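**Q** This is the structure I want to talk about, given as structure tokens.
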Amino acid sequence: MRIRLENLTKRYQEVTAVDHLNLEIEDGDLVCLLGPSGCGKSTTLSIIAGLEQATEGAIYFDEENVGGLEAEERDIGMVFQDYALYPHMTVQENMAFPLKMQGWKKKDRIEKVKEAAKMLQIEEYLKRKPGKLSGGQQQRVAIARAIVKNPKILLLDEPLSNLDARLRIELRDEIRRVQKQLGITTIFVTHDQEEALSISDKILLMEKGKISQYSSPKEMYMEPQNVFAAKFLGNPPMNFVPGEKVEDGISLLLGDENMTVKKGTIHEAGELKGSVCVGIRPEALELCSTEEEEAISGVITGIQTLGKDMYIHFRAGEQMLTACVGWEKTFSEGERVSFRVKRLHLFPWEDDR
Amino acid sequence: MKRKWKIRNPQFRAFLYLLPALSVIAVFQFYPVLKSFFMGFYTKFDYLTDTVEAVGLDNFLYVLKDPEFALAMKNTAVFAVISVPLGIITALVFALILNSNIRFQKFFRSAYFLPFVTSMTAVAVVWRWMLNKDYGMVNALLSVLGMPKVAWLTDAQMTIPILIVLSVWKGLGYKIIILLAALQGVDERYVKAGRMDGAGSFRRICYIILPILRPTILFLSVTSLIGAFKIFDEVYIMYGQKPGPLQSGLTIVYYIFDKFYRHWEFTTASAAAFLLFLVILFFTLLQFLFSSERRKS
């Protein structure tokens, strides 16, 4: 089902949690609501679910305005961060509960529950109480309970936040698989950028109740439309350097020595002139010889080794930058290094960047 | 430096701390319980010198055969079986309403709690006055509505219903507080999950909230059941120290009291008291059984 939000606004006494949100979600898409805590993503989800009322604005499922419908009438499956399985019911009873509420016959309920249990590989726990299951198993049950009634929309509110890292990856792939298989329109709230990048068709990045950027994961990473989006995505975070657009390229203002870059891909967020904010992803810095022209060179101030990569923190002029390199070469602090810039992003200059 | 004298054994030290309270309980609780149990078996004894000449089961047999005791048992059981569920259901309804964030919640909570902190004697005196056939407020109200007077306190049919209403009203506040505390302990997320699963408010209460409240309801049932079997003051005060018209308000404790103070049949009273103890013990064990089974599952 298509979901459309029109000027959705939620105000608490003094705080505006969601600020005139306009959004359209295509049928069968998985959209992540991404943002730091307090950006309004969970509130947006609660309003779509019907658990909270919007102060202003409208919500449409396909062409139907559902503003007047209670949560229990909206035909939505929802998964919560803390599972929220009914403690007094067995797994089977938990999963059958939405069907029971829809008036299914007992025999059909059991059949349908088995089907959903099979899909999420929890058949062996059907007779157990939720308290006897691990967090990952409980969340599988919660997902199964949410999809068992074949809802038109699936909402997930930070479903993986309480799980450990390995399980998180396993379950997020599982969610993606089930979602694709059922072709169900899904909204997934998370503060974890990696999670959002890996499973979404589209990401809605939110900042202070407003849309920062709404695009595919690739576009959001490769072509961030503003400094917030550029900063929020990517690990280690993007480097920012003051710069200036000059005739033959971009001049990076590093302090005592300025440097002009002519080569490399340049992505501009809007029509820009004069002073700009230049963003360089750590992996867009490529190690090169110190003699090469158009290279940023500096002194290593710190080295961090992380799994497949190594992060090099270095000082170029007055700017502190981070680069992401492989393991082939050994570095030491105080050493002078040079980097070629493969891709840079230009943003309007803001004093408080 | 002076060496402090210290008891090394922590068990023994704890026992010493508990000793003052224990001795009070022993003198005023354990001793009377045991003594009355033994007294139930005295068949021939000297009251003044406390010399027992013969023991036997005669007292228990007498009590069990006594039609008055049977009546007392029946009255008490009827009262308990109706007043306990009624009291809990009423309290549950009010607790659910109070829990739904209505206005003046604090005011209502105190208002319902007030009867509980008032002494039963005072309440019974007031009710006696309110239910008076000729001058009572209840009949005055009925006459305003054009209904005939009812002989509340002299009609034998009315006794148990009045006692039930009184006990439900008196216990309401306490039960509401306990249930409200339990309700506020029901995690909001279960309610949310219930809504998303398509359960309206009534079905959420039946299928989600009540099962989660089960231990609290069980606790209230057992404690009120025990309380109900001990009913006495209400009858004694409201019916002018008599067991109601035609003994319609004769309860077990009243029976014991009557035998002990009015007839000086200490041994019969003791035997009856012990039988009451057995009834209460049965319900207490039942609660233990239920709650331990729950913990297992």
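The values are calculated or read from the model by the stated rules, or taken from the named source; none is laboratory data. Since this is a predicted model, take the numbers as computed values, not measurements. Every residue, glycine as well, gets a Cβ built from its backbone with ideal geometry; the counts of neighbours run over all protein chains shown.
**Q** Give the residue, chosen from A:GLU271, A:GLU292, that is over 24 Å from the mean Cα position of the chain (by Cα) and farther than 25 Å from A:TYR221 by Cα.
**A** One residue alone meets the criteria, A:GLU292.
**Q** With the structure loaded, tell me whether A:GLY264 is within 30 Å of the chain's Cα centre (by Cα), under 25 Å from A:GLY234 (Cα atoms) and surrounded by fewer than 12 Cβ atoms within 10 Å (Cβ to Cβ) or whether it fails that test.
**A** Considered against the rule, which asks whether it is within 30 Å of the chain's Cα centre (by Cα), under 25 Å from A:GLY234 (Cα atoms) and surrounded by fewer than 12 Cβ atoms within 10 Å (Cβ to Cβ), A:GLY264 comes out as no.
**Q** Between A:LYS262, A:LYS245, which is at pLDDT 80 or above and basic (Lys, Arg)?
**A** One residue alone meets the criteria, A:LYS245.
**Q** Here's a follow-up. Scanning for something in contact with a strand residue (DSSP E or B) (Cβ under 9 Å, 6 or more places away or on another chain), at pLDDT 90 or above and under 22 Å from A:ARG128 (Cβ atoms), does the range A:87-102 turn up at least one residue?
**A** yes
**Q** Another question, if that's okay. Quick one: is A:HIS345 closer than 29 Å to A:GLU247 by Cβ, part of a strand (DSSP E or B) and at pLDDT below 90?
**A** Working: closer than 29 Å to A:GLU247 by Cβ: yes; part of a strand (DSSP E or B): yes; at pLDDT below 90: no.
Judged against the criteria, A:HIS345 is not a match.
**Q** Pick from the range A:226-242 the residues that are farther than 30 Å from A:TRP327 by Cβ and not in a helix (DSSP H, G or I): which of them is modelled with the lowest pLDDT?
**A** By that ranking, first place goes to A:PRO242.
**Q** Does the range B:23-46 include one or more residues that are outside any helix (DSSP H, G or I) and exposed (fewer than 12 other Cβ atoms within 10 Å of the Cβ)?
**A** yes
**Q** Looking for something among the basic types (Lys, Arg), in a loop (DSSP other than H, G, I, E, B) and touching an Asp or Glu at 6+ places or on another chain (Cβ under 8 Å) - is there at least one such residue anywhere in the range A:263-275?
**A** yes
**Q** Just to check your reading of the model, which residue among B:PRO215, B:PRO245 is surrounded by fewer than 21 Cβ atoms within 10 Å (Cβ to Cβ) and closer than 27 Å to B:SER291 by Cα?
**A** Only one candidate passes the filter, namely B:PRO215.
**Q** Sticking with this structure for a sec: Which condition number does B:GLU234 fail, the rest of (1) of a type in the set (Asp, Glu); (2) within 17 Å of the chain's Cα centre (by Cα); (3) within 14 Å of chain A (Cβ to nearest Cβ) being met?
**A** The one condition B:GLU234 does not meet is (3).
**Q** If you take the residues in the range B:219-239 that are part of a loop (DSSP other than H, G, I, E, B) and free of Cβ contacts under 8 Å to residues at least 60 places away in the same chain, which one is farthest from B:ARG128 (Cα to Cα)? Lay out the reasoning, then the answer.
**A** In the first step, residues of the range B:219-239 are kept if they are part of a loop (DSSP other than H, G, I, E, B); the result is B:230-232, B:239.
Restricting the remaining residues to those that are free of Cβ contacts under 8 Å to residues at least 60 places away in the same chain gives B:230, B:232.
Numbers: B:LYS230: 20, B:PHE232: 15 Å.
The qualifying residue farthest from B:ARG128 (Cα to Cα) is B:LYS230.
**Q** Pick from the range A:15-39 the residues that are hydrophobic (A, V, I, L, M, F, W, C) and not in a strand (DSSP E or B): which of them is surrounded by the fewest Cβ atoms within 10 Å (Cβ to Cβ)?
**A** Going through the qualifying residues, I end up with A:VAL15.
**Q** Taking the condition in contact (Cβ under 8 Å) with a residue 24 or more places away in the chain and buried (at least 22 other Cβ atoms within 10 Å of the Cβ), does A:ASP157 pass?
**A** Considered against the rule, which asks whether it is in contact (Cβ under 8 Å) with a residue 24 or more places away in the chain and buried (at least 22 other Cβ atoms within 10 Å of the Cβ), A:ASP157 comes out as yes.
**Q** Would you confirm, using the coordinates I've provided, whether B:ILE178 is at pLDDT 90 or above, in contact with a Ser or Thr (Cβ under 8 Å, 6 or more places away or on another chain) and away from chain A (no Cβ under 14 Å)?
**A** yes
**Q** Listed residues B:ASN75, B:ASN99; which is of a type in the set (S, T, N, Q) and over 19 Å from the mean Cα position of the chain (by Cα)?
**A** Going through B:ASN75, B:ASN99 in turn, just one is of a type in the set (S, T, N, Q) and over 19 Å from the mean Cα position of the chain (by Cα): B:ASN99.
**Q** Within the range B:185-200, can one find any residue that is in contact (Cβ under 8 Å) with a residue 40 or more places away in the chain, surrounded by fewer than 22 Cβ atoms within 10 Å (Cβ to Cβ) and within 14 Å of chain A (Cβ to nearest Cβ)?
**A** no
**Q** Suppose we filter B:ILE256, B:ILE212 for residues that are without any contact (Cβ under 8 Å) to a residue 40 or more places away in the chain, away from every other protein chain (no Cβ under 14 Å), assigned to a helix (DSSP H, G or I) and at negative phi; which single one remains? Walk me through it before giving the result.
**A** Numbers: B:ILE212 fails: away from every other protein chain (no Cβ under 14 Å).
Of B:ILE256, B:ILE212, the one residue that is without any contact (Cβ under 8 Å) to a residue 40 or more places away in the chain, away from every other protein chain (no Cβ under 14 Å), assigned to a helix (DSSP H, G or I) and at negative phi is B:ILE256.
**Q** Among the numbered criteria (1) free of Cβ contacts under 8 Å to residues at least 60 places away in the same chain; (2) part of a helix (DSSP H, G or I); (3) surrounded by 13 or more Cβ atoms within 10 Å (Cβ to Cβ), which single criterion is violated by B:ALA91?
**A** For B:ALA91, the failing item is (1).
**Q** Among the residues of the range B:264-273, are any out of contact with any helix residue (DSSP H, G or I) (no Cβ under 7 Å at 6 or more places or on another chain), in a helix (DSSP H, G or I), in contact (Cβ under 8 Å) with a residue 60 or more places away in the chain and more than 30 Å from A:SER46 (Cα to Cα)?
**A** Within the range B:264-273, not a single residue is out of contact with any helix residue (DSSP H, G or I) (no Cβ under 7 Å at 6 or more places or on another chain), in a helix (DSSP H, G or I), in contact (Cβ under 8 Å) with a residue 60 or more places away in the chain and more than 30 Å from A:SER46 (Cα to Cα).
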